[in-house]
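The values are calculated or read from the model by the stated rules, or taken from the named source; none is laboratory data. Every value quoted in this text rests on a predicted model; they were computed, and no experiment measured them. Glycine gets a Cβ as well: all are built from the backbone with ideal geometry, and neighbour counts include every protein chain shown.
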Amino acid sequence: MNGGGWFHLLPNASANARPLDELWWAMVGLCALVAIGVFMAMFVFCIRYRKGRPADRQLAKETLPVELTWTTVPFLIFMGVFVWSLTLYARSRTPPANAETIYVVGKQWMWKVQHPGGQREIDTLHVPMGVPIRLTMTSQDVIHSFFVPAFRVKQDVLPDRYTQLWFTATQAGDYPLYCTQYCGLDHSKMGGQVIVMAPRAYARWLDENDTGTSLAARGAALFRAKGCSGCHGANASVHAPDLDGIWGRIVHLANGSTVKADDRYIHDSIMLPDKQIVAGYAPIMPSFSGELSEGDVLALIAYLKSTKPGLQPAQEGTKQ
């Protein structure tokens, strides 16, 4: 199924699509109701009080009940819309704990997709139907924006930062993917498709495209190849933090503050190592900016997520 046409003609292909459509149509109806009421009042007054009509033109005295009614009723309506929209926004920004994570890198002018199992795609994203999907996204160069109209999801994709969106696809089919942030010469060509498959078909697709190396395994190889294990390993001669089980932990910094070791922290620790120095360690780690791609950093993050304290070569920050 291909999404196309005007907004109201798009398929409702995700769990969040219909609630958002209902809010949109409610807003359209509310605005239409107000507009019709205003214009009807205008026409009535234009006819009743037109020149030559023997109508009573004395100003009516204002009454408290009338004042309260036309003030309170609109306020309650708009507060109801606010709470409704805020609830949908919170839902759209809070992925379920069991959501499957897929990594996306925007680059002039393509979308590079990496699955946890090592499968890679360009300008195509395969996902299973009925399974919550969390997209962790970053940009290799400039600001892009990931937009799937049929899912009613859109999120800016920024360089040196991680943003995310999530959805649960409810209809199998092919749906257009667009970049909606002007990103240079071939911005209009930066598109693709999201292919929603039945769970069994998706499992077969994963098997058929299995590279034999998961994203975490690729990150482990990079961890060794780039010399990270030489400093952050258990037997390293350099005084550097142990990284096993680092992801999700609280890291104490040299300036007395603390930070959670999430995707952003690990990314900055690799690309901007002087930004947040771990307490008790000297700032001697070199920056890998320009040496590692954003895809490489995502692989390293996947590897560090897979480690546990006291196991593999590598904690307390990718700091030195």
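Scanning the range 277-310 for residues that are within 25 Å of the chain's Cα centre (by Cα) and among the acidic types (Asp, Glu), which turns out farthest from residue 245 (Cα to Cα)?
In this case the residue turns out to be 294.
Contact list please: Cβ distance under 7 Å, first residue in the range 137-153 and on the phi > 0 side of the Ramachandran plot, second residue part of a strand (DSSP E or B), pairs at least six apart or on different chains.
What qualifies is 152/14.
Please go through the range 291-318 and give me each residue that is at pLDDT below 80 and either surrounded by 13 or more Cβ atoms within 10 Å (Cβ to Cβ) or not aliphatic (A, V, I, L, M) (or both), ordered by number.
308, 309, 310, 312, 313, 314, 315, 316, 317, 318
Can you tell me which residue is farthest from residue 130 (Cα to Cα) among those in the range 71-100 that are polar (S, T, N, Q) and within 24 Å of the chain's Cα centre (by Cα)?
Residue satisfying both the conditions and the ranking: 85.
Please work out if residue 91 is surrounded by 16 or more Cβ atoms within 10 Å (Cβ to Cβ), under 22 Å from residue 23 (Cβ atoms) and basic (Lys, Arg).
For residue 91, the condition - surrounded by 16 or more Cβ atoms within 10 Å (Cβ to Cβ), under 22 Å from residue 23 (Cβ atoms) and basic (Lys, Arg) - is not met.
Going by the conditions given, is residue 134 assigned to a helix (DSSP H, G or I) and of a type in the set (Lys, Arg)?
It is false that residue 134 is assigned to a helix (DSSP H, G or I) and of a type in the set (Lys, Arg).
Quick one: count up the residues across the range 86-124 that are part of a helix (DSSP H, G or I) and closer than 19 Å to residue 197 by Cα.
Matching residues across the range 86-124 total 0.
Any residue at all in the range 98-112 that is polar (S, T, N, Q), in contact with a strand residue (DSSP E or B) (Cβ under 9 Å, 6 or more places away or on another chain), buried (at least 20 other Cβ atoms within 10 Å of the Cβ) and farther than 20 Å from residue 206 by Cα?
no
Among the residues of the range 54-69, which ones are surrounded by 10 or more Cβ atoms within 10 Å (Cβ to Cβ) and at pLDDT 75 or above?
Once the filter is applied, which keeps residues that are surrounded by 10 or more Cβ atoms within 10 Å (Cβ to Cβ) and at pLDDT 75 or above, the range 54-69 yields 66, 67, 68, 69.
Does the range 275-290 include one or more residues that are within 22 Å of residue 113 (Cβ to Cβ) and surrounded by fewer than 22 Cβ atoms within 10 Å (Cβ to Cβ)?
Among the residues of the range 275-290, not one is within 22 Å of residue 113 (Cβ to Cβ) and surrounded by fewer than 22 Cβ atoms within 10 Å (Cβ to Cβ), which makes the answer no.
Scan 142, 127 and give me the residue that is surrounded by 14 or more Cβ atoms within 10 Å (Cβ to Cβ), modelled with pLDDT of 90 or more and in a loop (DSSP other than H, G, I, E, B).
142
Since residue 174 meets every condition but one in (1) within 18 Å of residue 103 (Cβ to Cβ); (2) touching a strand residue (DSSP E or B) at 6+ places or on another chain (Cβ under 8 Å), which condition does it not meet?
(1)
May I ask you to verify whether residue 200 is farther than 28 Å from residue 289 by Cβ and loosely packed, with under 15 Cβ neighbours inside 10 Å?
Yes, satisfied.
Could you tell me whether any residue of the range 213-222 is more than 25 Å from residue 303 (Cα to Cα) and buried (at least 19 other Cβ atoms within 10 Å of the Cβ)?
no
Within the group 169, 198, 254, 217, which residue is assigned by TED's automatic domain parsing to the domain that holds residue 137 and more than 21 Å from the chain's Cα centre (by Cα)?
Matching residue, one of 169, 198, 254, 217: 198.
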